[in-house]
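Data first, discussion second: the structure below is written as structure tokens.
The values are calculated or read from the model by the stated rules, or taken from the named source; none is laboratory data. It should be emphasised that the depicted structure is a prediction, and the values quoted were computed from it without experimental measurement. Here Cβ is always computed from backbone atoms with ideal geometry, including for glycine, and neighbour counts include all displayed protein chains.
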């Protein structure tokens, strides 16, 4: 009896292995797709543009269809362009539809966004097939504050009458909501102006080394501070 039972077990195991070879392996790959996301950079500053690519590769032996990519566009990002033909924007999500993707082929598109505010911006990408989510990707963009100063000013030269030369900060006129404070080497405040517009020439100060503190108010929650040295030289 034991021998008969043992033989039955062997036959059942053999049958199970055969069924696994016939059904389990093909079904494991039947709906398999590779869903990927690549970006030209993951760190950007306010005002900069960022481009990333999304791709779906059908690794199955048969065509896939009725697929939808849901790409979240969180607050802080503005959609500028999408290279996909069939897309729309709904509730801060970019929806890209793939009607049919033949076996072995890839579908890809590029998206360009603008970074509008600083912070960590989390993105979620979903791949749905026939209304069911089959793949999920998570990605984070590190958004830094915009650099207002495009070049540091360390020295400007004045004529004897103070009519030649102003302390000019490149790019500052685009951000009038600012404050400039100038200190001497003893940390005494010698000049202060709100809404500075590159219009100070230092004519009221003797030649020497000074230090400035510039505060830029980008909005209610974003403040940038810059500091540096100024050397005032009098020309004979």
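When segment 111-129 is filtered for residues that are surrounded by 15 or more Cβ atoms within 10 Å (Cβ to Cβ) and at pLDDT 90 or above, the ones remaining, listed by number, are 111, 112, 113, 125, 126, 127, 128, 129. The condition of being modelled with pLDDT of 85 or more and part of a loop (DSSP other than H, G, I, E, B) holds for only one of 191, 186, that being 186. The listed residues are 89, 80, 95, 101, and the only one of them that is under 15 Å from residue 134 (Cβ atoms), assigned by TED's automatic domain parsing to the domain that holds residue 120 and either surrounded by 15 or more Cβ atoms within 10 Å (Cβ to Cβ) or at pLDDT 90 or above (or both) turns out to be 101. Scanning segment 99-133 for residues being assigned to a loop (DSSP other than H, G, I, E, B) and farther than 18 Å from residue 59 by Cα gives a total of 4.
Any residue at all in segment 64-76 that's under 23 Å from the mean Cα position of the chain (by Cα), loosely packed, with under 13 Cβ neighbours inside 10 Å and modelled with pLDDT under 90? Within segment 64-76 (the criterion being under 23 Å from the mean Cα position of the chain (by Cα), loosely packed, with under 13 Cβ neighbours inside 10 Å and modelled with pLDDT under 90), the answer is yes, since at least one residue qualifies.
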